[in-house]
Amino acid sequence: MAKLYFKFGAMGCSKTAQALITKFNYEERNMKVLLLKPAIDTRDGATVVKSRIGLQQDAVAVASDENLYELYLKKYSDRDVIIVDECQFLTPEQVDELADIVIEKNVPVLCFGLATDFTTHLFPGSKRLFEIAESISEIKSVCTCGAKATVNARLDDDGKIVTEGSQILVGGNERYVAMCRKCWLKYRKEQA
């Protein structure tokens, strides 16, 4: 029986690397994989999924108004599994569409992404995944103090923590750092 999986973690926990390794494992067993990414993430190119350790694969970029159920039926119904990188950028409707694929077509869907933004609030796509995914697992990351990192701290050009702004600002190590909540609160207080 197929499931909707949500594998989440803070920045730098190797979510994308794990997504690409999972893709490889399915393909090694002669299964066809549909690798999706939200079109808003153009850091490594419009249709490239790339991890910090250098793994990369071509993917299908999906716009926020694209119906993923219809996309699957029209173009990719021969795929045995769907893997989504940066799933936090999906809309709640798109998460529901992926869940419909799981239930109606018995195709597993594995979503990898962040749970929360730089203000520690859930992304809408991640919120919906927490609500309906059959399997939810955390990929751990570590703060510089050694504690578990749970906050995706956004940095300005001077390396100071930002606490206001648009929920979505696509970036990598130059713009975000994973921290434990204690360090995040400490640095915010010191900067005030």
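Here, each number is a calculation from the coordinates, and none is a lab measurement. A quick note: this is a predicted structure, and the numbers were derived from the prediction, not measured. Cβ coordinates were reconstructed from backbone atoms using ideal geometry, including for glycine residues, and neighbour counts include every protein chain displayed.
How would you rank Ser141, Ser64, Ser166, going from fewest to most other Cβ atoms within 10 Å of each one's own Cβ?
On the way: Ser141 19, Ser64 13, Ser166 7.
Ordered from fewest to most neighbouring Cβ atoms within 10 Å, Ser141, Ser64, Ser166 come out as Ser166, Ser64, Ser141.
Computed from the coordinates I sent, Rg and Dmax of the Cα atoms in Å equals one of (i) 17.8, 60; (ii) 16.8, 55; (iii) 16.9, 58. Tell me the label.
(ii)
Please work out how much length the chain gains when fully extended from Arg43 to Lys189, using 0.36 nm per residue of separation minus the C-alpha to C-alpha distance, in nm with one decimal.
Details: separation 146, 0.36 × 146 = 52.56 nm, distance 3.10 nm.
Difference between extended and current length: 49.5 nm.
Pop out the ³J(HN,Hα) list for the range 157-165 in order, Karplus 6.51 cos²θ - 1.76 cosθ + 1.60 with θ = phi - 60°, rounded to Hz; leave Gly and Pro as x.
Each residue's phi maps through the Karplus curve to give 5, 9, x, 8, 5, 9, 10, 9, x Hz.
Using a Cα-Cα cut-off of under 17 Å, which lysines could be cross-linked to Lys23, ignoring same-chain neighbours fewer than 8 residues away?
Lys3, Lys7, Lys15, Lys32, Lys37, Lys50
Over the chain, calculate the relative contact order: mean separation of alpha carbon pairs under 8 Å at least 6 apart, over the residue count, as a percent. The partial results should precede the final answer.
Details: 379 pairs, mean separation 53.5, N = 192.
Computed value for the chain: 28 percent relative contact order.
When a footprinting reagent is the concern and you count Cβ atoms within 10 Å, what order do Asp158, Asp58, Asp100 take, fewest first? Intermediate values should be presented prior to the final figure.
Details: Asp158 5, Asp58 11, Asp100 15.
Final ranking by Cβ density, sparse to dense: Asp158, Asp58, Asp100.
For the range 105-120, take each phi angle, set θ = phi - 60°, evaluate the Karplus expression 6.51 cos²θ - 1.76 cosθ + 1.60, and give the result in whole Hz per residue in order, putting x for glycine and proline.
Each residue of the range 105-120 in turn: 10, 6, 10, x, 10, 10, 10, 10, x, 7, 8, 10, 8, 5, 9, 6 Hz.
Starting from the 7 Å offset along Cα-to-Cβ, what nm value, one decimal, do you get for the label separation of Asp58 and Lys3?
3.2
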